[in-house]
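Here's the structure, in structure tokens; my notes come after.
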Amino acid sequence: MGGPRAGLRSAVIAVGDELTSGERVDTNSAWLSLRLAELGAPASMHVSVGDDARSIAAALERTAAEADVVVVTGGLGPTADDLTREAVAEFAGLDLVMVPEALRHIEKLFRSFGRRMPKTNRKQATIPAGSRIIPNPRGTAAGFEVRASGAVMFALPGVPVEMKAMFEASVAPVVARAAGRRRTHVVRRDLYCYGAGESTRAGIPRSAPS
């Protein structure tokens with residue numbers, strides 16, 4: 001992963017009009033940043049974009065230039081405005097291909113609901129050619145891992161319960177191994193201050209007792 005930079009750096013892209021409009025708070029990026037830091041790949045950038053292919057492509061280009069690992073959440077639904085998989089495939093110069101096992105998983109889910117799968121859900125079983133599929137045991141949208149512009153990109157659904165399960169099972173082990181090869185160690189300390197403002201604390205030498 002990545003180039004000559006010391007340590008592993010990551011970036012998070014959150015996709016969805018509901019995020020850029022303020023209708024929903026982006027909790028996914030906060031959770032991902034904490035986990036990525038714990039794994040040794042602290043996030044250097046958060047980007048939120050609407051459901052627009054050009055905006056997603058611009059975010060991919062920007063983050064790939066700065067980070068070794070890019071995690072994209074959202075935009076993997078079955079509707080026409082879910083454009084993450086198309087934008088990532090175009091950015092990586094790859095065609096979208098159908099993954100039969102992913103399609104069978106979606107059909108099985110709908111059968112368990114007692115419903116017939118709409119044709120629009122077929123797109124959720126497509127991923128960029130040559131990428132690694134990330135199974136989604138809790139939903140219909142398959143995720144994927146693909147390399148583009150020197151960065152490793154992981155596309156995950158925006159539904160938090162699905163995203164977190166897929167990250168822990170299929171993304172965290174990859175990031176941890178890569179961070180281990182870089183020999184990066186992340187130490188976190190929480191300092192709680194009472195009775196002094198930030199400007200006052202900023203002037204206290206690091207060696208002073210807390």
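Values in this text are rule-based calculations from the coordinates and carry no lab data. Here the structure is a predicted model, which is why all the values come from computation and not from measurement. Here the Cβ is made from the backbone with ideal geometry for all residues, glycine too, and neighbour counts use every protein chain on show.
Couple of notes before you dig in:
- Test: residue in the range 99-106 that is touching a residue at least 24 places away in the same chain (Cβ under 8 Å), on the phi > 0 side of the Ramachandran plot and in contact with a Ser or Thr (Cβ under 9 Å, 6 or more places away or on another chain): no
- Filter result for residue 54 (outside any helix (DSSP H, G or I), without any contact (Cβ under 8 Å) to a residue 24 or more places away in the chain and not polar (S, T, N, Q)): no
- Scanning the range 6-51 for residues that are in contact with a strand residue (DSSP E or B) (Cβ under 6 Å, 6 or more places away or on another chain), of a type in the set (D, E, K, R) and free of Cβ contacts under 8 Å to residues at least 60 places away in the same chain turns up just one, 26.
- Answer residue from the range 28-48, given it is of a type in the set (Gly, Ala, Ser) and in a loop (DSSP other than H, G, I, E, B) and is farthest from residue 69 (Cα to Cα) among those: 40
- Condition check for residue 25: in a strand (DSSP E or B), of a type outside the set (Gly, Ala, Ser) and surrounded by fewer than 22 Cβ atoms within 10 Å (Cβ to Cβ): no
- Scanning the range 122-144 for residues that are assigned to a helix (DSSP H, G or I) and charged (D, E, K, R) yields 122, 123.
- Residues located in the range 60-100, provided they are part of a strand (DSSP E or B), under 24 Å from residue 172 (Cβ atoms) and of a type in the set (A, V, I, L, M, F, W, C): 69, 70, 71, 72
- When the residues of the range 89-108 are filtered to those that are closer than 14 Å to residue 157 by Cβ and touching a helix residue (DSSP H, G or I) at 6+ places or on another chain (Cβ under 6 Å), the one that is surrounded by the most Cβ atoms within 10 Å (Cβ to Cβ) is 102.
- The range 109-140, residues that are surrounded by 12 or more Cβ atoms within 10 Å (Cβ to Cβ) and over 22 Å from residue 153 (Cβ atoms): 109, 110, 117, 120, 121, 122
- Subset of the range 40-63 (residues that are among the hydrophobic types (A, V, I, L, M, F, W, C) and more than 22 Å from residue 30 (Cβ to Cβ)): 53, 57, 58
- Of all the residues in the range 29-48, those that are in contact with an Asp or Glu (Cβ under 9 Å, 6 or more places away or on another chain) and crowded, with 21+ Cβ neighbours inside 10 Å number 1.
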